[in-house]
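The values are calculated or read from the model by the stated rules, or taken from the named source; none is laboratory data. A quick note: this is a predicted structure, and the numbers were derived from the prediction, not measured. Because the Cβ atoms are built from the backbone with ideal geometry, glycine has one as well, and the counts that use them run over all protein chains shown. Heavy atoms of the whole protein, side chains included, go into the accessibility calculation; ligands, DNA and RNA do not. Shrake-Rupley method; radii C 1.70, N 1.55, O 1.52, S 1.80 Å.
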Amino acid sequence: RVMRHLVTRITSDDEAIVPVPYLYPLPDGGVIAEWTHGDWEVSATIEPAPPFSVQLHAVNVVDGREVEKAISDATTDMGLYAFGRFWAQLDGATEGE
């Protein structure tokens, strides 16, 4: 439910931050979302229990750089903002190459 909420918000026409990810359920009830974004492979792992934290991880497949970010609550506007800043960081890194 939480991942659906997050994915709907980050991919909706009004707030489109990213394309729709591939989603994979985890045995503990969590979910992993994955994207390819330029030279970056990006994943978001959401915890299955409140406060529904999200662990973001990106790896640049060309130069091996990694970027990580933890979002304490993906259900809030601040969580959405933090996700957008993480994604924008990758855009900036991609454009500078």
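Couple of notes before you dig in:
- Helix-derived mean residue ellipticity, 222 nm - over the chain, DSSP H n ≥ 4, -39500 (n - 2.57), to 500: -9500 deg cm²/dmol
- Of the accessible area of the chain, computed with a 1.4 Å probe over protein heavy atoms only, carbon and sulfur atoms account for 54 percent.
- Net charge dipole size for the chain [Lys, Arg +1 and Asp, Glu -1 on Cβ; Debye, nearest 20]: 340 debye
- Values of log10 I(q)/I(0), in the order q = 0.13, 0.23, 0.26, 0.28 Å⁻¹, for segment 38-97 under a Debye, Cα-only, solvent-free model: -0.35, -0.88, -1.03, -1.13
- For the chain, the solvent-accessible area of protein heavy atoms averages 59 Å² per residue (probe radius 1.4 Å; ligands and nucleic acids excluded).
- Legend: residues Arg65, Arg1, Arg9, Arg85, sorted from most to least accessible area (1.4 Å probe; ligands, DNA and RNA excluded), read Arg1, Arg85, Arg65, Arg9.
- Note on segment 1-84: Rg/Rh from Cα positions, Kirkwood definition for Rh, rounded to two decimals, is 0.95.
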